[in-house]
1. Write down, largest first, the equivalent ellipsoid semi-axes of region B:1-88 in whole Å, where each equals the square root of 5 times an eigenvalue of the alpha-carbon gyration tensor.
2. At a Cα cut-off below 22 Å, give the lysines reachable from residue A:9, other chains included and same-chain residues fewer than 8 away excluded.
3. For chain A, modelled as a Gaussian network with Cα springs under 10 Å, which listed residue fluctuates most, A:101, A:86, A:129?
4. Between residue A:261 and residue B:27, what FRET efficiency follows from the Cβ-Cβ distance if R0 is 35 Å, with the result rounded to 0.05?
5. Quick check of the Kirkwood formula: for region A:244-305, what is the inverse mean of 1/r over all pairs of different Cα atoms, in Å?
6. Any idea how far apart residue B:44 and residue A:280 come out in nm if each label point goes 7 Å out from Cα toward Cβ?
7. Can you give me the distance in nm between label points at residue A:311 and residue B:53, each placed 7 Å from the Cα along the Cα-to-Cβ direction?
8. Ignoring ligands, DNA and RNA, how do B:6, A:213 rank by accessible area with a 1.4 Å probe, largest first?
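The values are calculated or read from the model by the stated rules, or taken from the named source; none is laboratory data. Computed from a predicted model, the values in this text were never measured in an experiment. We place every Cβ from the backbone using ideal geometry, glycine too, and count neighbours over all the protein chains shown. Ligands, DNA and RNA are stripped out before the accessible areas are found, and what is left, the full protein with its side chains, is counted by its heavy atoms. Shrake-Rupley method; radii C 1.70, N 1.55, O 1.52, S 1.80 Å.
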Amino acid sequence: MSIESLRCKECGTACELDARYVCESCFGPLEVAYDHSSLDPAEAKRRIQAGSQGIWRYADFLPFEGRPGDPLEPGLTPLLRADRLAERLGIDAELWVKNDAANPTHSFKDRVVAVAVAKARELGFETVACASTGNLANALAAHAAAAGLGSYVFVPANLEEQKLLATGVYGTNLVGVRGNYDDVNRLCTQLAETRPWAFVNVNLRPYYAEGSKTLAYETVEQLGWELPDRVVCPIASGSLFTKVGHGFQEWLDLGLVDGEQPVFNGAQAQGCSPVATAFAAGWEICKPQRPETIAKSLAIGDPADGPYALEHARRTGGTIDAVSDEEIRDGIRLLAETTGIFTETAGGVTIGVLAKLAERGEIAAGERLVVYITGEGLKTLDATRDRFRMHEIDPDLDSFESEFRQAVTA
Amino acid sequence: MPITVKIPTQLRAATGGEAEIEASGSTVGEVLDAVFDAHGDLRERITQNGDLRRFVNVYVCGEDIRFREGLQTQIDEGDEVTILPAVAGG
Ligand SMILES: Cc1ncc(COP(=O)(O)O)c(C=O)c1O
Ligand SMILES: [Zn+2]
């Protein structure tokens, strides 16, 4: 058994492994602590390779004693070489795209929700809930349905229609809050005090966050048990960004992989860039912002893990950059044209930042680089509207020759 | 003038279990100081060198005080101050 306790990231106080997320001594965030002192790396690798075709192959590094049942297992998403994208960007790098849109509800959020819902069941909750910018809503509603749990999903009422539809279909209690994500988050923090619900990203957040480590583990395994030199990863609350780093570090410390922690480049939208702004200004904490961007999935103005994301980017020699809405649209288009992967606005942010890094000459020749595409383009269709035209013709050859060919050659 | 300060569950051990505390002052800082004077343990837990710790959020009538003047934010009769952990979401 390797799961030990919850521990405060600020002051180190240990507490019980139940539904809690705040240190009572200093109000800092809690994190799961493990005791891997008896782990044999070769044996651990064998256990992984003999495991399931998804995140539960990494159960030894997740907060459970054994492998919980999961009817909707996410993970083991494709890691694809993207040579044409590298070429278009003018970089001579070994560029890989981790396509995490290939999960049950089409975003990386299936990873964190699978872990949190399994923990909710273990702790005996009958109802799960979340405060979401959209993708978490889809994932929570689906995983609750698969597990036979009740669910409440709180989102900003002005979310993309696709994300609302892809949540409501699972039969959840969908609550649209008149406010932005930070308002939703505050409300859920208050609701979590009195409702007997497992809010996956409030009172179960220490467990939920662990799910993101599986993106790092998969990257290492899919690269043949090696590390990338650099990763580009989107930031909303900063949990994904820091936990991917944490996953690499764990395996480095335990001897499952050799090398160094990759350089971490964080990606935000200019219209909601509290972490990028703090990075540029040299601050250790973020100043909250009121989001105004098409990248709604990343529109968190008061990021809980902002300070840790800043620390991790600086420690690895990375950066945190922000791109405009136009650069986000361009990023979606560029990825689609060069890899056949259609990503949502968060992926547009990631590709936009990758293009910025390329332009600034920060990517060295021969570097091995992994970009995390965390969500699906069909969920943010408006971002591609009016970016191309359809040629309408009559169903005959003349019409094709005259109307289409002319339009195209003109 | 009395202002209601809402205490989150995680801090109620420091207030003898009380969820709401009445205090007076004309700014958020003054009100919180009055609360800390009555419950010294609370000062210890959520402040450091006279400032709020980095994972503490304070709201006046639902608005984060960092969008106003922080601890200098003026408060009026009947306003409600809410302290919440800043470690949720994502
Ligand atoms: C598609 C997508 N990518 C990335 C993120 C960022 O996640 P985090 O809040 O862990 O930084 C989100 C968050 O909602 C998301 O929906
Ligand atoms: Zn602590």
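1. Values: eigenvalues 59, 46, 31 Å².
Taking √(5λ) for each Cα gyration eigenvalue gives 17, 15, 12 Å.
2. Candidates past the 8-residue exclusion: A:119, A:213, A:243, A:287.
3. A:86
4. Details: r = 44 Å, r/R0 = 1.25.
For R0 = 35 Å, the calculated efficiency reads 0.20.
5. On the way: mean 1/r = 0.0743 Å⁻¹.
Kirkwood radius, region A:244-305: 13.5 Å.
6. Result for the modelled spin labels: 4.3 nm.
7. In this crude label model, residue A:311 to residue B:53 measures out at 1.3 nm.
8. On the way: B:6 70, A:213 0 Å².
So the residues, ranked largest to smallest area, are B:6, A:213.
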